[in-house]
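Inspection log for the structure reproduced underneath, given as structure tokens.
The values are calculated or read from the model by the stated rules, or taken from the named source; none is laboratory data. These figures come from a predicted structure and were not determined experimentally. Backbone-built Cβ (ideal geometry, glycine too); neighbour counts: all protein chains shown. Heavy atoms of the whole protein, side chains included, go into the accessibility calculation; ligands, DNA and RNA do not. Shrake-Rupley method; radii C 1.70, N 1.55, O 1.52, S 1.80 Å.
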Amino acid sequence: QVAKVKANFVPTKEDYQKVYNKIAELFDEAGEYDDGSYGPVILRLAWHSSGTYDKDTKTGGSNYATMRFEPESLHGANAGLNVARDLMEKIKQEFPWITYGDLWTLGGVAAVQEMSGPKIPWRPGRIDGHAEHATPDGRLPDASQGGDHLRNIFGRMGFNDQEIVALSGAHALGRCHSSRSGYEGPWTFSPTTMTNDFFKLLFDEKWVWKKWSGPKQYEDKKTKTLMMLPTDYVLTQDKSFRKYARAYADSNELFFKDFSAVVARLFELGVPTEQFVAPEPWIMKNLDEQDT
Ligand code: DDH
């Protein structure tokens, strides 16, 4: 049954916490799907809905949740994210008052926090837009490219080298699917727990080209079970990137601190400040911090 939005209903932080809780409970309903959690794919939805931002034209970003519409839903980079959008649609039916942009980014926050990551400050205020707010294809990173491409793509969003490296640490979570991106496999041995293992493995393992007919990707020489994308590996090859990657490999605490700050900013890209309900972002509670 679809709940009706009551007239003049002004949701409070507690109402958003209820949505957070439902999303968090949903992660564990994954059963045999991937590594037993929907968390990673929902984080990817939040990131791809935010990462289309262009600071010069102030277009794209999480404000309008335009990935609901074609052709953005069909952009190559978004292959497989229909899984995440369909899951979030169930939550939207239960809480029809929340906007899609708020719902998807709150999903990303819940994914990081529930998979043992740092708190991600977040606040509501995004509005549902229309297909004409969608941005052209090609705004998200192409995994086959190198450092210049990363700087172009993330620079357009307003991020520097340190922030590019911190954001890339999200690949501690989840995996590649040959049916979606063409790439295959997880980056770490614990793809549903947020750690700095992505950086540690980059330095500690020997990475060799995987011999297969798929797109060029690395595999770890020892177990051949882990993978790195060309854009991941470049974080150890470029002098400036390497400095930050090394620092995050050496300190999970530093990585969590920087990751939290940069993801909070990522999820607010494209949202005019005056739209935000609260002057300061909120810290949502994890499921295990509540009595429920
Ligand atoms: Fe990513 N990512 N990502 N990524 N990403 C993929 C999966 C996941 C790139 C390419 C890919 C970020 C940055 C980059 C997550 C989070 C984040 C896949 C595999 C590719 C390819 C998709 C599939 O086959 O299902 C590239 C390139 C970059 C870059 O250039 C830096 C960032 C910034 C984030 C973030 O969340 C902040 C997550 C999570 C996944 C795992 C999804 C899943 O289904 O599992």
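Before moving on, here are some points about what is shown:
- Flag if L74 is of a type outside the set (S, T, N, Q) and open to solvent by less than 20 Å² (accessible area, probe 1.4 Å): no
- Of all residues making up the stretch 39-56, the number that are open to solvent by 30 Å² or more (accessible area, probe 1.4 Å) and near the ligand (Cβ under 8 Å from one of its atoms): 2
- Considering only residues in the stretch 216-269 that are polar (S, T, N, Q) and assigned to a loop (DSSP other than H, G, I, E, B), the one that is least open to solvent (accessible area, probe 1.4 Å) turns out to be Q217.
- Residues of the stretch 184-215 that are outside any loop (DSSP other than H, G, I, E, B), of a type in the set (D, E) and within 14 Å of the ligand (Cβ to nearest atom): D197 alone.
- Qualifying positions in the stretch 190-215 - in contact with a strand residue (DSSP E or B) (Cβ under 8 Å, 6 or more places away or on another chain), in contact (Cβ under 8 Å) with a residue 12 or more places away in the chain and exposed (fewer than 14 other Cβ atoms within 10 Å of the Cβ): K206, V208
- You will find that of D161, D142, D137, D102, the residue that is more than 15 Å from H48 (Cα to Cα) and of a type in the set (D, E) is D161 and no other.
- If the condition is being within 16 Å of the ligand (Cβ to nearest atom) and surrounded by 15 or more Cβ atoms within 10 Å (Cβ to Cβ), then the stretch 126-141 contributes R139, L140, P141.
- Members of the stretch 89-136 found to be under 12 Å from N63 (Cβ atoms) and of a type in the set (A, V, I, L, M, F, W, C), listed by number: W104, I127, A134
- Within the stretch 110-130, the set of residues being in contact with a Pro (Cβ under 9 Å, 6 or more places away or on another chain) and on the phi < 0 side of the Ramachandran plot comprises A111, V112, M115, I120, P121, W122, R123, P124.
- Residues located in the stretch 152-183, provided they are within 8 Å of the ligand (Cβ to nearest atom), in contact with a strand residue (DSSP E or B) (Cβ under 6 Å, 6 or more places away or on another chain) and not in a strand (DSSP E or B): Y183
- Hits in the stretch 227-274 - residues which are small (G, A, S), in contact with a Phe, Trp or Tyr (Cβ under 9 Å, 6 or more places away or on another chain), more than 28 Å from K210 (Cβ to Cβ) and within 13 Å of the ligand (Cβ to nearest atom): A264
- For the stretch 15-51, the tally of residues that are more than 17 Å from D288 (Cβ to Cβ), in a helix (DSSP H, G or I) and among the small types (G, A, S) stands at 4.
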